[in-house]
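As C-alpha cells, the structure follows; a few thoughts come after it.
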Protein chains: 2
Amino acid sequence: MPEYTAPLRDMRFLLNEVFEADKLWASMPRLAEAVDPETADAILEEAGKIAANVIAPLNRDGDEQSSQWNDGEVTAPDGFKEAYQTYSEGGWGGLGGSAEFGGMGMPKMLVGQVEEMIQGSCVSFGLAPMLTAGACLSVAAHASQELKEKYLPNMYSGQWAGAMDLTEPHAGTDLGIIRTKAEPNADGSFAVSGTKIFITWGEHDMAENIIHLVLAKLPDAPAGPKGISLFIVPKFLVNEDGSLGERNTLSCGSIEHKMGIKASATCVMNFDGAKGWLVGDENKGLNAMFTMMNYERVAVGIQGIGIAENSYQNAVLYANDRLQSRAPTGKQAPEKAADPIIVHPDVRRMLFTMRALTEGGRAFSTYASKWLDISKFSDNAEDKKLAEAMVALLTPVVKSFLTDTAHESTVAGQQVFGGHGFIREWGQEQHVRDIRITQIYEGTNGIQSLDLIGRKIAANGGAFFKLYIEEINQFIASQEGNAKMAEFITPLKAAVANLVDLTDWVMDKAQGNANEIGASSVEFLQVFGYTSFSYMFAMSSVVALEKEGSEPFYANKLATARFFTKRLLPRYISLSEAVKGGADCLYGMEADQF
Amino acid sequence: MPEYTAPLRDMRFLLNEVFEADKLWASMPRLAEAVDPETADAILEEAGKIAANVIAPLNRDGDEQSSQWNDGEVTAPDGFKEAYQTYSEGGWGGLGGSAEFGGMGMPKMLVGQVEEMIQGSCVSFGLAPMLTAGACLSVAAHASQELKEKYLPNMYSGQWAGAMDLTEPHAGTDLGIIRTKAEPNADGSFAVSGTKIFITWGEHDMAENIIHLVLAKLPDAPAGPKGISLFIVPKFLVNEDGSLGERNTLSCGSIEHKMGIKASATCVMNFDGAKGWLVGDENKGLNAMFTMMNYERVAVGIQGIGIAENSYQNAVLYANDRLQSRAPTGKQAPEKAADPIIVHPDVRRMLFTMRALTEGGRAFSTYASKWLDISKFSDNAEDKKLAEAMVALLTPVVKSFLTDTAHESTVAGQQVFGGHGFIREWGQEQHVRDIRITQIYEGTNGIQSLDLIGRKIAANGGAFFKLYIEEINQFIASQEGNAKMAEFITPLKAAVANLVDLTDWVMDKAQGNANEIGASSVEFLQVFGYTSFSYMFAMSSVVALEKEGSEPFYANKLATARFFTKRLLPRYISLSEAVKGGADCLYGMEADQF
C-alpha cells in the first residue's frame, strides 16, 4: 500500500546548502525576526510528520469516497474534518500569514517546502488550506484594515476557510466577460448575484465559516477586464463582536464529478444578493488578485512536484520488490526466480526521469520562492525591483513546467508498475488523475505560456528576461575555472545561448505576425524550463562536488544531475526546432475543415 | 454530449488512393475471392453505422456503470449484451476469420479500419470481439482440425466469446515463470489448475460460452519460456454434437477496479482442474501465440488511434463552439462576446497535433496491415518472406508508438476543454483514462521497444531494418524529380539518415555494454516512429499534391503533413541525443539509493 515520506534531506539541501536561506533571511529584518535555521528545521520536521501521519492516510480513501453533496450541504470524506482540525491546531494555516493579524510571517522558501509535503501527501485535502492561504494573501494585501481585522485571524487559525470564486460557466480564461453583479447596499456593503463554477472547496463541513473572494462587476463598470471588482462574501455573516451571524444568501448548487482530486469538492456556487464587501479599489479586482496569483501559481507548481515525489517513492519501492526477468548483464539475484525490475535499464530510465524532474522542480520552485520573499520582505528598493521582475518572469514557468513535468513523472510512475499501475489498489493511477488538474487550473498551462512570452518578455522588450540571463551568465563565469563543473557548465552554456537566440527569433517573427507569440508559446516555455533546470542542477552540483565522498547523498545528487544533463536536457533542441516551425502551418486550414 | 463519426473519407483515402489496396488484393487469389473495392467500401460504410449508432452510445454510461461481479458471475453494463448481439448478427465477429470455418477471410487492411471504428467508439466493448478474434487466430493457426471445427464457427458467429489467459500475479512480462499447471487426463485432455489475473472479459454475460486460451506448464516441462504450452479451456464443455455440456471447473474470483476501460471486466480467473485441450505442440505455447500477437498488437495500436480520433472530434466541436478571448490578429466574431477558441494559435497547435498523430498512425497501421496481409495471403515465397520480416519489425512500433502518441493526443484533447475537460460530463477525461491501458497491455511499450531494437534489429544484424530502409530510400529516389515534394522529401531524407546512424551507434555501443540496448530502446523506438510517420505523410502527400484543388480534403491533407513536418518531426533530434546519452548515466546510483 502507498506510503509517503517527506523528502526532508533534499529540502534541507536546497534551503541550507544550495540557496543558503539563512544568510538571506538574516539580511531582511522582518524575516530575521520571524525565522532562523533552527526554527525552519523544526518546522520542516513537524510538517513531515503531519504529512505522513495525518494527511497521507486520507488520500486513497478520500478518492474512493469523494466529497458528497446533499441539498446544498457538502460533506468531506471521512477523516478530512479531523485532519483539518489537527492541521489548524498546529498553526499551519498561518505559516505564511501576516504577523500583524496572527500569522507566523514565514518566508515562501520555507512555506513552499511545507506545501510540497501537504499537497504531495493528499492534494485534495491540501487544496483547502491552499485556497484559504490564497484568499488571505489578497485580503492582507488589498482589503481595508477593518476587513483584515475581521477576517484574517480566524482564517489563519483555520477556524474559517477561504475560497476563490472567479470562473463562470461562459468565462474561464476570459474573465473580462463575467456576469456576476455587485449592487451597492445602503450600508456600504454590496449585493452580489451570479453563478460561479469550478469553485474548489466552495462549500464543506471542515470549518465553521467559508470566506469567498468573488469577482463581480459593479453597475456601469467598464466592459472587459478593467471593469471587475473583488468582494469578500462570507458564508455566514460576521457580527460586530466577531461571532457568526445569519447565513448569507449564497449556496452550493452542485458539485462536479471529476477525473481526479475527487475528495475535494468542486462547487457550483449561486450568489443571490449575497452580502459582500469590496476588497481594494473599484474595478481593480484583477489587480487585487495578482499578489495572490503569483503565490498560488508557485503553489500549484509545488503541488506537481509533491504528487510526483509521492509517485516516485511508490515506484522505487515496487521496482526493488517486483521480480521479473533477468538483468541484461546476467542474473543479479540468482537465488530468486527473477531479478528485481530495478536492474533493467528502462526501469532505471523511468525512475531517473522522475527523480530528475522532481529534483529540478523542487530546486526551481525554491529559487522562485526566494525571489517572492525578496520582493515581499526586502527593504532595499533595488533588490525589491529586481525580485519583482524575476517573480513576474519565473512564476508562469514554475506553474506550467513543474506540472507538465510532474504529469510526465506520474505517468512514468504508473508505467513502472505495468498492469498493476492501472488498477486502483496500488495508488499510482490516482496520481495521474490528480495531477492532470494542475496543468489546467489557476490559468491553463497554455495561458501561462502566453503570459511568459507575451506579457513577461515581449511586452517589456525582454527586460526581465535579460536580468535572468545575466544572472545565469554570471554563475557560468564564476565556474569557468572549475574543471569538475565543466560537464554541467558546457551544456548549460549551450542551452542558455539557444534560449537567447530563440527569444530573439520569436521577438523578430512576432513583428510580422501577431500569431507567432501564441504559436511558439508552449514549446518556448518548455525550452525556458529545461534551460532553467540545467541552471538548477549546475548550482546543486557545485555543492555536491565539494562534499562528494562525505555521504552518498551528494554522489546521488551528481548522478541525477548527470542523468538530467545527458538524457533530458537535450529536449530543448527539438522544442526550439518546433518553435521555428512557426505560425503559418497552424493556419493552413479553415476552422470548419478540422 | 460526445458523439462519434467514423472517419470514412480518410480510411478510403488510405485504402484506395495511397496504398491501392485493390491492386494488392487482386494479386492474391485468396483475397481476390474474398474482397473487392465495392465490398470493402460497403463494409466500411456499415461498420461506420454500427460504430456510431450502436456502440458509441455505450461508452459514457458503460464507464459510469462498470461491469459488476457477483458471486462469480459478471454482468456487463446495460446495453452491452444487446450491442454484442447486434454486432454478432451483423457477422462482424468473423470478418477476419478463416473462410474454411465460417469466417469472411477479409484482409487486415480492411479489418483494421473496422477495428478502429469499433474500438474508437467504445474500447471497453471493443475488447470483447478483439480478444475473441485473437483467440480465433491462435486456434486457426495452431489447433487440430477437430478443435478448429468444434470452436471456430461459434466463435466467428459471436455465439461464443474468447479470452486470452496469460498473466499471473507474479508473472506478467516474464511469462517464463508462470505456475499454472496442466496434467494429462486419460482421455487426452488436460486438467488445468492455477490463477490468472488481468483477464480481459474473462467472464461476462454477453455470450453463452467463453473459450479461454490458457498458458500452462506440463509436468516436467523445461523451466522458462520453452516449457510453456497453450490450452483451449472452455467455460462450458462442448458435447460431441456441439451443444453445451457441463460447466467447466473455472471461475472468476473477482474483477479489478481500474483507472479506465471500466465497462470491461478485468478478471481474476481460477482454474481448478479445468478440462483443457492442447493447442499446437507441447512446450510451444509461446510460439502458438506469436501469430495472434502480431495481429493483436497492431489492433492495440489501432485502439490508440480510434480513441484519439474520438477525442479529436470532440475537441474540434468544442473549439468551434466555445467563446473565449479574442484572436491575436483582431476580433474574428465581432458580433459575439468573444471569439471561438479555434482562432487561438495554441488551440490550433493542439488540434493539429492530434490530427497529425492520428492520421500518421492510421496510415502506419494500414501500412503494417498490408504486410500482415501479404505474409498471410501471398503465394509468392519471396514476397511472403519479405512481408514476415516487415511484420516482425513494424509490429512493436505500431503497438507502442501509436499508443504513446494517442496518449499525447487525448491529453491534448482534454486540455482544449480547459476545466471542462477535467469533469466527466464532456467525456474527454474518459479517453485519457481509457487510453492509458493501451500503453501497458499486450506487452508494455517498454517491452515493445526492447523487442524492436533487441530481437528485431540487433538479433539479426539489422537484416529486417535494412529492408525497410531500402524501401524508404527507393521511395525517396522515386520523388527526386518532383519539386513539389521537396518540402516532404528533404526532411524525410534527413530523418532516415539519422535513423540509420543512430541504429549503427546503438549496435556499436551494445558490443561493449549489454545495458545499452535497453537504455536506448524507448527513445529509439520513438525516433523510428517519427521517421516512419514522415514516410507515411510523404506517401500521402504525393497523392494529395496530384489531386490538390479537386476537393478541400487534399489541401487539408497537405496542411496536416506540413504541420507534422515542421512541428512534430523535429522531435527525433532530441530523442536521438537522449539515446546517445547512453547507459552509464542509468547506473550511477545503487538500487537502494533511489
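Structural remarks
- For the pair B and A, the buried accessible area comes to roughly 7500 Å² in total, with a 1.4 Å probe and the value rounded to the nearest 100.
- Antiparallel DSSP beta bridges within the protein assembly as shown, as percent of all bridges there, nearest 5: 80
- Less than 5 angstrom separates the built amide H of B:Asn209 from those of B:Ala161, all sequence-distant by 5 or more or on a different chain.
- Of all DSSP beta bridges in chain A, antiparallel share, percent nearest 5: 80
- Relative contact order computed over segment B:143-257 (Cα-Cα under 8 Å; 6+ residues apart), in percent: 24
- For segment B:354-436, applying the loop criterion from DSSP together with a ceiling of 11 other beta carbons within 10 Å to the trypsin sites (Lys or Arg not before Pro) yields no site.
- Label-to-label distances for A:Asp501 across copies, nearest first, come out at 1.6 nm, using points 7 Å from Cα in the beta-carbon direction.
- 222 nm mean residue ellipticity, helices alone, for the protein assembly as shown (DSSP H n ≥ 4; -39,500 (n - 2.57); rounded to 500): -17500 deg cm²/dmol
- For the protein assembly as shown, the solvent-accessible area with a 1.4 angstrom probe is 34 square angstrom per residue.
- Cβ-vector label at 7 Å, A:Gly481, separations to other copies in nm: 6.7
- Accessible-area composition of chain A, carbon plus sulfur, in percent [1.4 Å probe]: 50
- Under 13 Å, Cβ to Cβ, from A:Ser243 - net charge with Lys/Arg +1 and Asp/Glu -1: -3
- Shortest-first nm distances, B:Phe553 label point to equivalent points in other copies (7 Å, Cα→Cβ): 6.5
- Burial annotation for segment B:412-460: residues with an accessible-area loss of at least 50 Å² between the isolated chain and the complete set of protein chains, computed on heavy atoms with a 1.4 Å probe, are B:Gln415, B:Phe422, B:Ile423, B:Arg424, B:Arg436, B:Ile440.
- 24 Å Cα-Cα threshold exceeded, pairs from A:Lys258/A:Lys370; A:Lys226/A:Lys258; B:Lys49/B:Lys399; A:Lys370/A:Lys456; B:Lys370/B:Lys557: A:Lys258/A:Lys370; A:Lys226/A:Lys258; B:Lys49/B:Lys399
- Interface residues, segment A:242-273 - accessible area loss of 50 Å² or more versus chain alone, probe 1.4 Å: A:Met259
- Kirkwood hydrodynamic radius of chain A, Cα pairs, Å: 24.9
- Binned Cα-Cα distances of segment A:64-192, short to long, each 10 Å bin given as a whole percent: 11, 34, 34, 20, 1
- Using C-alpha pairs below 8 Å separated by at least 6 residues, the relative contact order for chain B is 12 percent.
- Among residues of chain A, the one whose Cβ lies closest to the rotation axis carrying chain A onto chain B, together with that distance rounded to whole Å, is A:Ser574, 2.
- Kirkwood hydrodynamic radius of the protein assembly as shown, Cα pairs, Å: 31.2
- Under the membrane-span-like helix rule (DSSP H runs whose alpha carbons stretch at least 24 Å along the helix axis, mean Kyte-Doolittle hydropathy 0.0 or higher), chain A yields A:123-142, A:285-321, A:381-415, A:486-512, A:515-547.
- For segment A:316-348, a reduction of at least 50 Å² in accessible area between the chain on its own and the assembled protein chains (probe 1.4 Å) is found at A:Gln324, A:Pro345, A:Asp346, A:Arg348.
- Cβ-placed point charges (K, R +1; D, E -1), dipole of chain B about Cα centre in debye, nearest 20: 1440
- Cα gyration tensor, segment A:1-109 - rounded (a/c under 1.5), prolate or oblate: oblate
- Prolate/oblate/rounded label for segment B:168-247 (Cα gyration tensor, a/c 1.5): oblate
- Three-way shape call for segment B:457-594 based on the alpha-carbon gyration tensor, with the a/c threshold at 1.5: prolate
The values are calculated or read from the model by the stated rules, or taken from the named source; none is laboratory data. Note that this is a predicted model, so its numbers are computed, not measured. So basically every Cβ, Gly included, is an ideal-geometry build from the backbone, and we count neighbours across all protein chains shown. What goes into the accessible areas is simple: the full protein's heavy atoms, side chains included, and nothing from ligands, DNA or RNA. Shrake-Rupley method; radii C 1.70, N 1.55, O 1.52, S 1.80 Å.
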